[in-house]
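The values are calculated or read from the model by the stated rules, or taken from the named source; none is laboratory data. Just so it is clear, the model here is predicted, and its values are computed rather than measured. Please note: Cβ atoms are built from the backbone with ideal geometry, for glycine as well, and neighbour counts cover all protein chains shown. Accessible surface is based on the protein model in full, side chains and every heavy atom, while ligands, DNA and RNA are left aside. Shrake-Rupley method; radii C 1.70, N 1.55, O 1.52, S 1.80 Å.
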Amino acid sequence: MKLRHLFEDPAGPKKLVVVYGGRFQPFHKGHYEAYKWLCKKFGESNVWIATSNKTNFNPKNGDISPFNFKEKKEIMVSLYDIPQRRIIQCKNPAFSPVEVFELYKRFSIVYVNAVGKKDESRYKEGDFFLPLPRPFELKNVEMLNSLDDKTGYYIDMPMQTGEISGTLVRDTLMSAEGDEREDAFKKFFGKYDSVIDDLIRAKLKDIQGDDQ
């Protein structure tokens, strides 16, 4: 990971920056529970959701990403009341969310990347990311000041609301109709919203068209 250049010239006091990056295809209640866990642990003002505008349909490589940034943001804001300003479009949200760092030019950044347990091994590789020391206490100023502003940290999030994957959501809603569809929508997203359902239906219809 070659990110050290981002932290070479800290311009001010240390500031905690926690980034929850991902594809979010689509963003579901498991993602939201993880976001709430991060906000509770680190404070909402320190937590950012980062995701790209990239869409792709390449099932042979396991890459199905139908939702663009605007659509993902609409799902997050409409279903979960996540503040729009906390959602940032990034080219590389998982490893190098420089678009978030741009908001902190006057600070020395303590960068924490929030990752799922299954992705933790990706951050153990290389020499940039370190595991965040535990137990971490937000109010412990001495602990914050002891963290290195020349590297990045990662923290693995506990599993939230069971095993929900974007693939499961897409595959289920691809064919479900009527009451079955509404029940599945509530299961994956926590509640039903007809406008967001129409958005998701339209995008999944595009996938079916590309697959024929």
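Brief remarks follow.
- Single residue of V98, V115, V77 found to be under 23 Å from E163 (Cα atoms) and in contact (Cβ under 8 Å) with a residue 40 or more places away in the chain: V115
- Of the residues in region 178-189, none is open to solvent by 20 Å² or more (accessible area, probe 1.4 Å) and either in contact with a Pro (Cβ under 7 Å, 6 or more places away or on another chain) or outside any helix (DSSP H, G or I) (or both).
- Looking only at region 33-65, and only at residues there that are in contact with a Phe, Trp or Tyr (Cβ under 9 Å, 6 or more places away or on another chain) and more than 30 Å from K139 (Cα to Cα), the one that is least open to solvent (accessible area, probe 1.4 Å): S65
- Restricting G30, G12 to those that are of a type in the set (G, A, S), surrounded by 16 or more Cβ atoms within 10 Å (Cβ to Cβ) and touching a residue at least 24 places away in the same chain (Cβ under 8 Å) reduces the list to G30.
- Matching residues, region 114-161, being within 21 Å of K14 (Cβ to Cβ), open to solvent by less than 40 Å² (accessible area, probe 1.4 Å), of a type outside the set (D, E) and in contact with a helix residue (DSSP H, G or I) (Cβ under 8 Å, 6 or more places away or on another chain): A114, F128, F129, F136, T151, Y154
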